[in-house]
1. Do you know the Lys pair count in the chain for C-alpha distances under 18 Å, with sequence separation 8 or more or different chains?
2. State whether the range 74-133 is rounded, prolate or oblate according to the following rule on the C-alpha gyration tensor (a ≥ b ≥ c being the square roots of its eigenvalues): a/c under 1.5 gives rounded; otherwise a/b larger than b/c gives prolate, and the remaining case gives oblate.
3. Calculate, in nm to one decimal, what Lys138 and Arg23 gain on full extension: separation in residues at 0.36 nm each, minus their alpha carbon distance.
4. Once every DSSP H run of n ≥ 4 in the chain is given -39500 (n - 2.57) and the sum is divided by its residues, what mean residue ellipticity at 222 nm do you get, rounded to the nearest 500 deg cm²/dmol?
5. Compute the helix-to-body angle for 42-57: its Cα long axis versus the longest principal axis of the chain, expressed 0 to 90° and rounded to tens.
6. Please compute, for the alpha-carbon atoms of the chain, the extent along each of the three principal axes and give them in descending order in Å.
7. Evaluate the charge dipole of the range 1-146 about its Cα centre and quote only its size in Debye, nearest 20, assuming +1 on the Cβ of each Lys and Arg and -1 on the Cβ of each Asp and Glu.
8. For helix 104-118, report the angle its Cα long axis makes with the longest principal axis of the Cα atoms of the chain; keep it between 0 and 90° and round to the nearest 10°.
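Every read-out reported here was derived from the displayed coordinates using simple, explicitly stated rules and does not represent laboratory data. From a predicted model like this one, the values you see are computed outputs, not experimental measurements. Cβ placement follows ideal geometry from the backbone for every residue including glycine, while neighbour counts extend to all protein chains displayed.
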Amino acid sequence: MNTLSVRKLEETDIEALLTFEIRNREWFESQIDARAPSFYSLQGVADHIDCYLSGFATGTWHPFVIEDASEGIVGRANLKDINSPKGCAEVGYRVDQRFCGQGLATLALKHLIQEARTHWNLTQLVAHVYKNNIGSRKVLERCGFQVEHESWIDNTKDECRFILSI
Ligand SMILES: CC(C)(COP(=O)(O)OP(=O)(O)OC[C@H]1O[C@@H](n2cnc3c(N)ncnc32)[C@H](O)[C@@H]1OP(=O)(O)O)[C@@H](O)C(=O)NCCC(=O)NCCS
């Protein structure tokens, strides 16, 4: 692996993002909710990027990609549903299956926490995770998130909630 960077998603990322999402579609759908089939086209990804960048412009969304100098986009991470008056947001991330287990999600989540503090002045981050997603739970715990006890013991739900006070 070469030099990695975490940077904001840009409108020029359409082709690279589509390649990343198609290559990993089956992998992501084995662990998280599937995207609409219409997403998997140049127009679908262009609309998706437009939507995320509009969210950035209005202060509700901060989308990032993890980029490898030679491989291109190898992961994504987002600050979602940013609520500045309440000082909170949700985090999400996904990593190319070929690059998993090398600390990329941890790197990206640390970047999100830093941006949440310095750029958005937030005080709390939350994550919703399927209970059987051991890798994601490990990433969250390593970055200081704590599971919300009620959501963990609620046997009617497959998901649980993690919280970080910052
Ligand atoms: C979850 C995900 C983002 C983790 O990305 P990653 O870059 O591999 O994460 P990291 O390398 O920073 O850390 C993952 C840790 O979990 C461990 N891990 C992953 N799967 C595991 C499993 N099934 N059992 C035990 N440990 C597991 C890894 O070994 C690693 O720990 P280590 O560094 O001590 O070896 C990635 O698997 C992914 O993109 N999954 C699909 C999308 C998704 O689930 N997103 C999260 C939604 S909440």
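1. Details: Lys8/Lys80; Lys8/Lys110; Lys80/Lys110; Lys110/Lys138; Lys131/Lys157.
Summing the qualifying lysine pairs gives 5.
2. On the way: a/c = 2.80, a/b = 1.75, b/c = 1.60.
Prolate shape, in that a/c is at least 1.5 and a/b is the bigger ratio.
3. Working: separation 115, 0.36 × 115 = 41.40 nm, distance 2.42 nm.
Here the segment from Lys138 to Arg23 would lengthen by 39.0 nm.
4. On the way: 6 runs with 60 residues, N = 166.
Calculated mean residue ellipticity at 222 nm is -10500 deg cm²/dmol.
5. In the chain, helix 42-57 runs at an angle near 50 degrees to the longest axis.
6. 41, 33, 33
7. Working: 16 positive and 18 negative charges, 142 e Å.
Using Cβ point charges on Lys, Arg, Asp and Glu, the range 1-146 gives about 680 debye.
8. Long axis of 104-118 versus the principal axis of the chain: about 70 degrees.
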